[in-house]
Amino acid sequence: MKKVLIVFGTRPEAIKMAPVVKELQRRSEQFEVIVCVTGQHREMLDQMLSVFDITPDYDLDIMQPGQDLYDVSARILLGMRDVLTKEKTDLVLVHGDTSTSTFAALAAFYQQIPVGHVEAGLRTGNIYSPWPEEMNRQLNGRLCTWHFAPTETARQNLLKEHVDDKHIVVTGNTVIDALHWVVASGKAVAPQFNRDEKRRMVLITGHRRENFGDGMKHICQSINALAEQFKDVDFVYPIHLNPNIRRPVQEIIDGSRSNVYLLEPLSYLEFVDMMQQCTLILTDSGGIQEEAPAFGKPVLVMRDTTERPEAIEAGTARLVGTDKETIINAVAELLTDAASYHAMAHAANPFGDGHAAERIAEFIAND
Ligand code: UD1
Ligand code: UDP
């Protein structure tokens with residue numbers, strides 16, 4: 001029986017680790033599972049814990065309003081010391097590229113406990129984009145013993161950094177497991193707001209630190225211009241709780257227009273429904289680049305780089321950065337040019353088949 005500590009703290013980590021928690025718990029003869037949330041996010045994490053019905057054994061509750069990277073990092077490291085000392089697990093699992101993932105991995109390293117990294121090997125090669133996530137991933141590449149790479153490209157990235165091939169497993173991305181679970185359960189549900197579902201809709205999200213300031217200003221101005229130009233299209237924006245995002249969105253985007261909907265963050269069950277309903281997605285999110293192709297929805301990525309080149313190669317995503325004209329032109333093209341739209345609206349998803357968590361569990365059971 002292996003004792004495994006699973007650590008996560010933000011919305012996307014909760015969504016992507018939920019299938020791993022469930023799969024390890026299902027194999028109760030093989031694993032004792034301890035779940036620790038850092039609470040790096042509070043409301044947005046709790047929303048997801050409730051969707052997936054996960055009750056953490058530990059909650060470090062570290063979120064402070066407007067926290068900076070020092071606050072988050074130090075509080076995770078100290079909080080994890082106590083949990084690791086008490087539980088003495090055989091293995092720790094972390095996910096992706098957040099402060100939670102890297103500082104939980106570092107805390108485990110300080111106690112010489114091996115760490116498995118779920119969603120390993122994503123790289124842009126630019127340590128400032130996305131920031132600080134690219135560095136977090138690279139650090140995890142060194143701190144962790146086991147690397148669960150979602151794609152072959154991610155495996156190749158790790159090999160280039162001299163990670164031992166025997167320590168890498170290509171699993172697919174667990175976000176597809178989560179998506180399949182929601183779709184199969186029939187639990188996806190339309191959020192409660194008054195929109196005519198027959199109208200076309202652009203779904204928008206954004207939160208990247210490197211877009212704070214001018215980037216967000218340009219994004220918001222583009223949305224105003226598009227809402228004015230395309231009165232027959234709805235623009236739906238569930239706003240991330242980070243005040244550096246909420247402030248410009250609420251100040252600049254004209255939410256009084258009848259075709260603009262500024263919403264609170266949606267639960268995963270609602271967001272999946274919105275992805276199914278929408279015409280296209282305008283986002284700087286990482287996870288959404290992986291999910292959207294499952295529904296054949298084009299994604300315009302408001303970033304200069306992506307660590308998910310598979311989506312660009314598959315033709316389901318395009319980088320548009322944060323330049324106002326570029327965003328407006330790219331959205332306008334997809335809304336007016338049927339050939340461009342259909343070229344991007346592929347249903348083939350390069351990120352996984354919905355069985356990633358099983359592969360991770362199988363590997364851990366036998367390592
Ligand atoms: C974090 C991650 C980022 C990930 C993103 C997913 C780091 C450095 N950043 O960015 O990699 O892509 O989450 O969304 O790990 N807030 C709330 N309630 C919540 C969540 C956030 O009020 O439920 C507000 C708080 O004021 C908090 C702020 O948002 O201080 C920023 O949260 P933080 O986790 O530091 O950064 P994110 O921008 O959310
Ligand atoms: N998401 C959600 N509700 C929302 C917006 C996003 O459930 O209102 C989901 C989305 O489907 C994806 C994840 O949250 O799985 C992405 O989170 P985020 O963009 O915050 O982080 P990133 O993926 O960029 O790290």
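The figures follow:
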item	result
Cα convex hull of region 97-178 - mean projected area over all directions, nm²	5.3 nm²
Three-way shape call for region 41-95 based on the alpha-carbon gyration tensor, with the a/c threshold at 1.5	oblate
Charged-residue dipole, Cβ positions (Lys, Arg, Asp, Glu), the chain about Cα centre, Debye nearest 20	140 debye
Amide H partners (placed H, <5 Å) of Q40, local residues excluded	I62
Förster-model FRET efficiency, 35 Å R0, L241 and Q276, C-beta, rounded to 0.05	0.90
Extended-chain gain in nm, criterion 0.36 nm per residue less alpha-carbon gap, D68 and L263	67.7 nm
Computed label-point distance, nm, for sites D164 and L78 using a 7 Å Cα→Cβ extension	3.6 nm
MRE, 222 nm, helices only [DSSP H, n ≥ 4, -39500 (n - 2.57), over the chain, to nearest 500]	-14000 deg cm²/dmol
Chymotrypsin sites (Phe, Trp or Tyr not before Pro) within region 256-296, DSSP loop, no more than 14 other Cβ atoms inside 10 Å	none
Rg(Cα) / (2.2 N^0.38 Å) computed for the chain, rounded to two decimals	0.96
Contour minus Cα-Cα distance for S50 and D214 (0.36 nm per residue)	55.5 nm
Cβ-based charge dipole, the chain, positive-most Cα from T89, Q289, P265	T89
In range of the label at Q30: residues from region 96-119 whose backbone nitrogen is under 19 Å from the point 7 Å along Cα→Cβ	114-119
Contour minus Cα-Cα distance for D61 and R195 (0.36 nm per residue)	44.6 nm
Simple spin-label estimate for Q221 and M1 in nanometres, 7 Å along Cα-Cβ	6.2 nm
About the Cα centre, charge dipole magnitude for region 96-194 (Lys/Arg +1, Asp/Glu -1 at Cβ), debye	60 debye
Centroid-to-centroid separation of region 349-367 and region 123-186 [C-alpha atoms, Å]	12 Å
Unsatisfied cross-links (Cα-Cα over 29 Å) in the set K297/K324; K22/K187; K187/K217; K22/K217; K187/K297	K187/K217; K22/K217
Neighbour-limited loop hits for trypsin sites (Lys or Arg not before Pro), region 147-211 (at most 11 other Cβ within 10 Å; DSSP other than H, G, I, E, B)	K198
Kyte-Doolittle mean at least -1.0 and Cα axial length at least 20 Å: DSSP H helices in the chain	11-26, 69-87, 214-229
Choice from G186, G287, G206 showing the highest fluctuation, given a GNM over the chain with Cα pairs closer than 10 Å	G186
Computed FRET value (nearest 0.05) for Q229 with Y128, which takes r as the C-beta separation and R₀ as 25 Å	0.15
Residue range of the chain that is longest and free of GluC sites (Glu not before Pro) which are both DSSP loop and sparsely packed (at most 14 other C-beta within 10 Å)	198-367
Global geometry of region 209-306, whether rounded, prolate or oblate, following the gyration tensor of its Cα atoms and the 1.5 cut on a/c	rounded
Local electrostatic count at Y110 - Lys and Arg +1, Asp and Glu -1, tallied over other residues with Cβ under 13 Å	0
Test item: Cα-centred dipole of region 114-254, Lys/Arg +1 and Asp/Glu -1 on Cβ, debye	120 debye
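Each reported figure results from applying straightforward, stated rules to the coordinates on display, with no laboratory input. Note that the coordinates shown come from a computational prediction; the quantities given were computed from them, not determined experimentally. Don't worry about glycine lacking a Cβ; one is built from the backbone with ideal geometry, like all the others, and counts go over all protein chains shown.
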